[in-house]
Amino acid sequence: MTDSGNTTGRRKFTVPGFATGPDGRAQRAREQGKALRVPVPRERHSEFVPAADRPTAVAALEASNAGRIAGLVPIRVGRMAATPFAFLRGSAGLMAADLAGTPVTGVTAQLCGDAHAANFGLYGDARGQLVMDINDFDETVPGPWEWDLKRLATSLVLAGRETGASESTARAAAQHAAGSYRRTLRTLAKLPALDAWNAVADEQLVSFAEAHDLTEVLRKVGAKALGNTSARFAARSTTRTADGGWRFTAAPPVLTGVTDATARAVAEALGPYVATVPAEVRTLLSRYRVQDVAFRVVGTGSVGTRSYVVLLTDHRDQPLVLQVKEARPSVLLPYLGGHWRRPAEEHEGRRVVLGQKHMQVVSDTLLGWTTVDGRPYQVRQFRNRKGSVDPAVLLPSQLDDYARITGALLARAHAHTADPGLLAGYCGKSEALDEAVAAFAVAYADRTEADHAELVAAVRSGRLPAEQGV
């Protein structure tokens, strides 16, 4: 290769969508991160003082039930009343209201919005290989990175208490999550951009997080996840019709039939959905035909929202099940200042899908969005080999390992949209941030236990109807 042009100086380009400016950006990012410690010392992240006008837990829950299917609300209440950790899982909005009064650096990342410890897990990639990452994005929105980290740390304290771990063990888990988050950012900041984007491959995750006590747990979860497929769900939940088609078999209250009009509306909404997936995926979907639609109750915080499963079959009568799930505005949105505001007209399903793709290294190839009867929905593959570790049943000796894994995964996800060098510069080498986040987590876990007790009292008094064990 020859070049007879001018080689005495660097060519300078200004290309939209690409970085500009002089070299040394990595060093400047670290210095800018360190500078943020002056207005917002890391020790301040321990602060939590409930606002004087903080709504009661019951009032917040009742407000969050607005717009949900009324007949399903008792199931949601029953699930949240089970334990303080379950209450936290269903009250992301209430925690966002509390976090709005806590210190933040002003650095924006794409947030999970509900980064509690049970929202990390295994799922299958396009070739059926298992990956581990954050796996719930209903509340995703750009915002302060601290909010996700503090929610994760709090959930680990509550999970630890539920397992019967000592208070020092539960607090240590929160500190380990923050420490792993901080160390992972330092690692990512030192890597080339492309390597950092795909860093911490799943086969290296246990070693990277020093989580060897979880090896057997993850092996068992992975083995179970491999069988958690559309085909297996269809085999258990469908029957052959007289004309050779397939229909879902009702299993109320979780899986129920829908009217012909609703089934038609959901099925027809798959047409616009196809336009939101890549061209090669459209070709794949064109090889399936729609067989049936049913309603399926999902989640804890999501209970009462509209969620459908759609049965499709290919030319060999093999099933694929899609989930068409209502996408409501992120519960974080009312508490984010103008710095993080987004267009009000944005399609909520699109928000969820793009937020998920921003945070995950590998996402479901069938992710897309659509609108049914004027409501926004996300569409995704149902049962794509999903598996999860329940942090509330881990042995106390395993909790810190799980904390380090989730902290590393959260850091990697945030580093896709926030400069890891900037965050690493702020978080630093010491354990100052880790200790502060752990202190916040303990304080907020105490607050959550009080909120949960209030909810249980409201259920016992009859103020809030609840269905237990559903």
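The values are calculated or read from the model by the stated rules, or taken from the named source; none is laboratory data. The structure presented is a predicted model; accordingly, all values stated were derived computationally and were not measured. Don't worry about glycine lacking a Cβ; one is built from the backbone with ideal geometry, like all the others, and counts go over all protein chains shown.
Worth a mention:
- Test: residue in segment 60-78 that is more than 22 Å from ALA327 (Cβ to Cβ) and polar (S, T, N, Q): no
- Unmet criterion (only one of (1) without any contact (Cβ under 8 Å) to a residue 60 or more places away in the chain; (2) assigned to a loop (DSSP other than H, G, I, E, B)) for PHE48: (1)
- Within segment 218-244, residues that are in contact (Cβ under 8 Å) with a residue 12 or more places away in the chain reach no partner that is surrounded by fewer than 10 Cβ atoms within 10 Å (Cβ to Cβ) and assigned to a helix (DSSP H, G or I) with beta carbons closer than 7 Å at six or more positions or on different chains.
- When each of VAL437, VAL352 is tested for being assigned by TED's automatic domain parsing to the domain that holds GLY179, buried (at least 18 other Cβ atoms within 10 Å of the Cβ), among the β-branched types (Val, Ile, Thr) and touching a residue at least 12 places away in the same chain (Cβ under 8 Å), the lone residue that passes is VAL437.
One line per residue, one yes/no per condition, for (1) surrounded by fewer than 18 Cβ atoms within 10 Å (Cβ to Cβ); (2) not assigned by TED's automatic domain parsing to the domain that holds VAL361:
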{"site": "HIS176", "(1), (2)": "no, yes"}
{"site": "SER207", "(1), (2)": "yes, yes"}
{"site": "GLY222", "(1), (2)": "yes, yes"}
{"site": "THR249", "(1), (2)": "yes, no"}
{"site": "PRO253", "(1), (2)": "yes, no"}
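- Output for segment 383-408, where each listed residue is modelled with pLDDT under 95, more than 20 Å from ARG89 (Cβ to Cβ) and either within 19 Å of the chain's Cα centre (by Cα) or hydroxyl-bearing (Ser, Thr, Tyr) (or both): ARG383, ASN384, ARG385, SER397
- Meets criteria (surrounded by 13 or more Cβ atoms within 10 Å (Cβ to Cβ), modelled with pLDDT of 95 or more, of a type in the set (S, T, N, Q) and not assigned by TED's automatic domain parsing to the domain that holds GLU139) for THR300: no
- Only one entry of ALA96, ALA57, ALA86 meets the criterion of being crowded, with 24+ Cβ neighbours inside 10 Å, in contact with a helix residue (DSSP H, G or I) (Cβ under 7 Å, 6 or more places away or on another chain), in contact (Cβ under 8 Å) with a residue 60 or more places away in the chain and among the small types (Gly, Ala, Ser), and that entry is ALA96.
- Test result for ARG171, at pLDDT 95 or above, surrounded by fewer than 20 Cβ atoms within 10 Å (Cβ to Cβ) and assigned by TED's automatic domain parsing to the domain that holds ALA439: no
- Criterion (in contact with a helix residue (DSSP H, G or I) (Cβ under 8 Å, 6 or more places away or on another chain) and basic (Lys, Arg)) met by exactly one of ARG247, ARG240, ARG289, ARG282: ARG282
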